[in-house]
Amino acid sequence: AEAIARGEPFTHEHRIRRHDGEWRWMSVYVAPLRDAAGQVVEWIGMNLDITKRKAAEQALREARDTRQAILQSMTDGLMIATPSGEVVDINQAAQRMLGFASREAALVRLSDLGQLFDVRDLMGASQPEPLLPLARTCRGETFTIQELEVRRRVTVLTLIDIYGGSCVGVVYGMECFG
């Protein structure tokens, strides 16, 4: 109503019921037609059936919710990163294991992990960034066993664990690894 009063174009989405009783989603675009003096003389509009788009959006939300529920219910820690080494997700188990106060605090670049953690193999040899599990998976490696001692630099938290990784598919529109 405000857009009409101001003489501005607007869009609106709503459901309608077809003659056969089926409900459809519509997107409406309405724009004013003006005369030479700039006065609105009539309105034109277009209805677009967006039912399939709405169904796809709902399916995407459900898939994302399912993925998130699975990720967060895992007892094994999992970090998901892009091939360029940007951490885009972490589950609660990994967050706890690695001592991150929040999910957001863990969404860092792979290169930043070296500043946060001292990582060594079980013989005590320091592991440079290219040998870290997440770096290996970001390069496309798949592996199942890499035993490491991970010590958070600013705390006494030390974790000795077995790591693995592989491509987990497309997440947030990007190929990701975990």
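The values are calculated or read from the model by the stated rules, or taken from the named source; none is laboratory data. Please read all numbers here as calculations on a predicted model, not as lab measurements. As a convention, Cβ positions derive from the backbone with ideal geometry for all residues, glycine included, and neighbour counts pool all protein chains shown. Accessible surface is based on the protein model in full, side chains and every heavy atom, while ligands, DNA and RNA are left aside. Shrake-Rupley method; radii C 1.70, N 1.55, O 1.52, S 1.80 Å.
Structure notes:
- Cβ-Cβ under 7 Å pairs, at least 6 apart or on other chains, the range 144-169 side over 11 Å from P133 (Cα atoms) and open to solvent by 60 Å² or more (accessible area, probe 1.4 Å), far side modelled with pLDDT of 80 or more and aromatic (F, W, Y): R151/F117; R153/F117
- Within the range 45-86, the set of residues being of a type in the set (V, I, T), part of a helix (DSSP H, G or I) and at pLDDT 95 or above comprises just one member, T51.
- All positions within the range 1-20 that are under 18 Å from A55 (Cα atoms) and open to solvent by less than 60 Å² (accessible area, probe 1.4 Å): H14
- When each of A93, A101 is tested for being assigned to a helix (DSSP H, G or I), surrounded by fewer than 18 Cβ atoms within 10 Å (Cβ to Cβ), of a type in the set (A, V, I, L, M, F, W, C) and out of contact with any strand residue (DSSP E or B) (no Cβ under 8 Å at 6 or more places or on another chain), the lone residue that passes is A93.
- Enumeration of residues in the range 104-140 that are touching a helix residue (DSSP H, G or I) at 6+ places or on another chain (Cβ under 9 Å), assigned to a loop (DSSP other than H, G, I, E, B) and open to solvent by 40 Å² or more (accessible area, probe 1.4 Å): P128, R139
- All positions within the range 46-66 that are in contact (Cβ under 8 Å) with a residue 12 or more places away in the chain and either surrounded by 12 or more Cβ atoms within 10 Å (Cβ to Cβ) or touching a His at 6+ places or on another chain (Cβ under 8 Å) (or both): N47, L48, D49, I50, T51, R53, K54
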